[in-house]
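Here, each number is a calculation from the coordinates, and none is a lab measurement. Everything numeric in this text was worked out from a predicted model, so none of it was measured. Glycine gets a Cβ as well: all are built from the backbone with ideal geometry, and neighbour counts include every protein chain shown.
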């Protein structure tokens, strides 16, 4: 777990110096969604693009496509952390919260009256609220459910989008 967190820190730091793949974003997001996406911090944009691309890799490699669309999986990866636009966390704030969360074994969550802590724990729910209100509610129930529960560990939902999103987010 510690190696993964170090890797995340390095990715976040190095994303400052990398170009955002605007062509990829334009392929999957409409103009309204791009406006939202562009409110994310650069490191969150880079993370979301990695998650989106990993979603497509998983779809191609491991999952029976069934009713899953490439567009939905790419889009959910790009928008899964959109709730962070309310209070973007810089790399140091996020690092401190991750460490405090580990030390307190999640008890830090009860201080969600502090915006920084609230966004860290509740950005997924906030993201669903933003998407429901922003784009005429064009998203499927499964799409929004995947965003809302992508950090919940002990929840058993039969949603292939959520399964793929969790795996991709955990790798990136």
| said: Checking the a/c ratio against 1.5 first, then a/b against b/c, what shape does the Cα gyration tensor give for the chain? | reply: rounded
| Angle, helix 70-79 long axis vs. longest principal axis of the chain, Cα atoms, 0 to 90°, nearest 10? | 20 degrees
| message | Taking the 0 to 90 degree range and rounding to the nearest ten, how far is the long axis of helix 91-104 tilted relative to the main principal axis of the chain, both from C-alpha atoms? | response | 70 degrees
| task | Per DSSP H run of at least 4 residues, take -39500 (n - 2.57); add these up for the chain, divide by its residues and hand me the 222 nm value, nearest 500 deg cm²/dmol. | result | -20500 deg cm²/dmol
| query | If you average 1/r over all unlike Cα pairs in segment 38-124 and invert the result, what Kirkwood radius do you get in angstrom? | reply | 14.4 Å
| Contact order normalised by residue count of segment 62-172, Cα under 8 Å, 6+ apart, percent | 29 percent
| said: Just to be sure I understand the model, the point goes 7 Å from the Cα along the line to the Cβ. What's the resulting residue 154 to residue 22 distance in nm? | reply: 4.6 nm
| message | I need 142, 60 ordered by Cβ neighbour count within 10 Å, fewest first. | response | 60, 142
| task | Please determine, in degrees from 0 to 90 and to the nearest 10, the orientation of helix 115-134 with respect to the longest principal axis defined by the Cα atoms of the chain, where the helix direction is its Cα long axis. | result | 20 degrees
| remark: Rounded to two decimals, the Rg over Rh value of segment 91-172 from Cα coordinates and the Kirkwood Rh reads 1.00
| said: Given R₀ = 25 Å, what would the calculated FRET efficiency be for residue 122 paired with residue 42, taking r from the Cβ atoms and rounding to 0.05? | reply: 0.65
